[in-house]
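Engineer: Below you will find the structure I want to go over with you.
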Amino acid sequence: MNKKFAVIIGGCGHRDGSEIHETTMTMLAIEKHGATYEIFAPDRDQYHVINHLTGEEMAETRNMLVEAARIARGKAKSLEDFRANNFDAVIFPGGFGVAKNFFNYAFKGVKATVDEQIEQIIKETKALNKPIGALCIAPVLLSKVLDNITVTIGNDDATAHDITLMGSHNINTSSGEVISDKINRIFTTPAYMLDATIMEIAEGADNLVSTMLDNM
C-alpha cells in the first residue's frame, strides 16, 4: 500500500506564509517516491500580508487555507479535517509564515507560543510514533512543541542557540543534508535557512522524503 503524507502549510509565500519552492518540491518528492499526499492549512487569517516585491506590509488580510489552495490547485483541506490516523507521516515546509502563523517565534523568540491546532497535530502524530518531517525554520517549531529532539536548521548559530534553550539539539548541516532523530521519529533538512538554490531545495526535499519512507 502506498504511504500517505499530510503536508501542513500556512499560506502562500515565504515572507508571510509557506515557502512555495519547499512546498512544491516536497509534493514532487512524495509522488516521485511512489507515495501520496494531502495538503492542510489553518482556516483563519494569517498574521499579516507582505508585498513580496517590496518587502512592505500591505493593508489587507488573507486566509491561510484560501492561500494554501493556490499551491494545492484548489485541493487544500482545513486543519479541522486532519486525523493523524489517516496518514503515515506529516511534513512541515518552512517559510516565515511558520514563525508568524504556526507559532510566534518571529516576534517572541524562545518565549513563543504555538497555535493549538498545530501543537495538537504534532503531539498526536508523535504519540502514534509516526514520522514528522520539517524543512527550513519548521524544525524550530518542532523543538518548541517536543522535548529533547535533534534537528537541523543549517548553521545559523543564533537559531541553533534558541533550539538549545528550548531543550533540544541542533546539528549543523549543508544543503541537501537530512538529520534523522530515529528515536523520536523526527527528520529535518535546512532548505532556505541556507543560501540555497532551487535545485538544492529539490535535493533536500527529496532526501527528506526518501529518508522518512525508509523509516516507516
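The values are calculated or read from the model by the stated rules, or taken from the named source; none is laboratory data. Model, not experiment: these values are computed from the prediction. Positions of Cβ are backbone-derived with ideal geometry, glycine not excepted, and every protein chain shown enters the neighbour counts.
Engineer: Return the total of residues in the stretch 174-205 being surrounded by 20 or more Cβ atoms within 10 Å (Cβ to Cβ) and in contact (Cβ under 8 Å) with a residue 60 or more places away in the chain.
Structural biologist: 7
Engineer: Taking the stretch 13-38, which residues are among the hydrophobic types (A, V, I, L, M, F, W, C) and either surrounded by fewer than 24 Cβ atoms within 10 Å (Cβ to Cβ) or at pLDDT below 95 (or both)?
Structural biologist: Applying the first criterion (among the hydrophobic types (A, V, I, L, M, F, W, C)) to the stretch 13-38 yields 20, 25, 27-30, 35.
Listed by number, the residues that qualify are Ile20, Met27, Leu28, Ala35.
Engineer: Within the bounds of the stretch 79-86, is there any residue that is touching a Leu at 6+ places or on another chain (Cβ under 6 Å), over 27 Å from His169 (Cα atoms) and acidic (Asp, Glu)? Please lay out each step first, then the result.
Structural biologist: Within the stretch 79-86, the subset touching a Leu at 6+ places or on another chain (Cβ under 6 Å) is 84.
Okay, now just the ones that are also over 27 Å from His169 (Cα atoms), so none.
For the stretch 79-86, residues touching a Leu at 6+ places or on another chain (Cβ under 6 Å), over 27 Å from His169 (Cα atoms) and acidic (Asp, Glu): absent.
Engineer: Then there's this: Would you mind finding the one in Ala127, Ala202 that is under 20 Å from Asp88 (Cα atoms) and small (Gly, Ala, Ser)?
Structural biologist: Details: Ala202 fails: under 20 Å from Asp88 (Cα atoms).
From the options Ala127, Ala202, the qualifying one is Ala127.
To keep it simple, each residue is scored yes or no on (1) outside any helix (DSSP H, G or I); (2) in contact with a Ser or Thr (Cβ under 8 Å, 6 or more places away or on another chain); (3) surrounded by fewer than 21 Cβ atoms within 10 Å (Cβ to Cβ).
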{"residue": "Glu124", "(1), (2), (3)": "no, no, yes"}
{"residue": "Asn129", "(1), (2), (3)": "yes, no, yes"}
{"residue": "Pro139", "(1), (2), (3)": "no, yes, no"}
{"residue": "Ile163", "(1), (2), (3)": "no, yes, no"}
{"residue": "Asn172", "(1), (2), (3)": "yes, yes, yes"}
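Engineer: Need at least 1 residues that are within 24 Å of Met199 (Cβ to Cβ) and of a type outside the set (Phe, Trp, Tyr) per element, so show me which strands (runs of 3 or more DSSP E) inside the stretch 3-107 make the cut, counting only ones lying wholly within it. Lay out the reasoning, then the answer.
Structural biologist: On the way: elements: 4-8, 36-41, 76-78, 89-92.
Per the criteria, 4-8, 36-41, 89-92.
Engineer: Determine whether Met166 is at pLDDT below 95 and among the hydrophobic types (A, V, I, L, M, F, W, C). Give the derivation first.
Structural biologist: Details: at pLDDT below 95: no; among the hydrophobic types (A, V, I, L, M, F, W, C): yes.
It is false that Met166 is at pLDDT below 95 and among the hydrophobic types (A, V, I, L, M, F, W, C).
Engineer: Another one. Out of Ala84, Ala89, Ala99, report the one residue that is modelled with pLDDT of 95 or more, surrounded by 17 or more Cβ atoms within 10 Å (Cβ to Cβ), in contact with a strand residue (DSSP E or B) (Cβ under 6 Å, 6 or more places away or on another chain) and not acidic (Asp, Glu).
Structural biologist: Working: Ala84 fails: in contact with a strand residue (DSSP E or B) (Cβ under 6 Å, 6 or more places away or on another chain); Ala99 fails: in contact with a strand residue (DSSP E or B) (Cβ under 6 Å, 6 or more places away or on another chain).
Just a single option satisfies the conditions, and that option is Ala89.
Engineer: While we're here: Can you go through Glu80, Glu31, Glu67, Glu56 and tell me which one is more than 21 Å from Ala202 (Cβ to Cβ), without any contact (Cβ under 8 Å) to a residue 24 or more places away in the chain and not polar (S, T, N, Q)? Show your work before the answer.
Structural biologist: Numbers: Glu80 fails: without any contact (Cβ under 8 Å) to a residue 24 or more places away in the chain; Glu31 fails: more than 21 Å from Ala202 (Cβ to Cβ); Glu67 fails: without any contact (Cβ under 8 Å) to a residue 24 or more places away in the chain.
Among Glu80, Glu31, Glu67, Glu56, only Glu56 is more than 21 Å from Ala202 (Cβ to Cβ), without any contact (Cβ under 8 Å) to a residue 24 or more places away in the chain and not polar (S, T, N, Q).
Engineer: So, one more: Could you go through the stretch 67-82 and let me know if any residue there is more than 30 Å from Asp214 (Cβ to Cβ), among the hydrophobic types (A, V, I, L, M, F, W, C) and more than 18 Å from the chain's Cα centre (by Cα).
Structural biologist: Narrowing the stretch 67-82 to residues more than 30 Å from Asp214 (Cβ to Cβ): 67, 69-70, 74, 78, 80.
Narrowing further to those that are among the hydrophobic types (A, V, I, L, M, F, W, C): 69.
Filter once more, so that each one left must be more than 18 Å from the chain's Cα centre (by Cα): none.
Looking through the stretch 67-82, none of the residues is more than 30 Å from Asp214 (Cβ to Cβ), among the hydrophobic types (A, V, I, L, M, F, W, C) and more than 18 Å from the chain's Cα centre (by Cα).
Engineer: Okay, moving on. Inside the stretch 174-196, can you point out the residues that are small (Gly, Ala, Ser), outside any loop (DSSP other than H, G, I, E, B) and over 18 Å from Pro131 (Cα atoms)? Step through it out loud before you land on a result.
Structural biologist: Step one: list which residues in the stretch 174-196 are small (Gly, Ala, Ser), which gives 174-176, 180, 191, 196.
With the extra rule that they be outside any loop (DSSP other than H, G, I, E, B), the set shrinks to 180, 191.
Within the stretch 174-196, just Ala191 meets the criteria.
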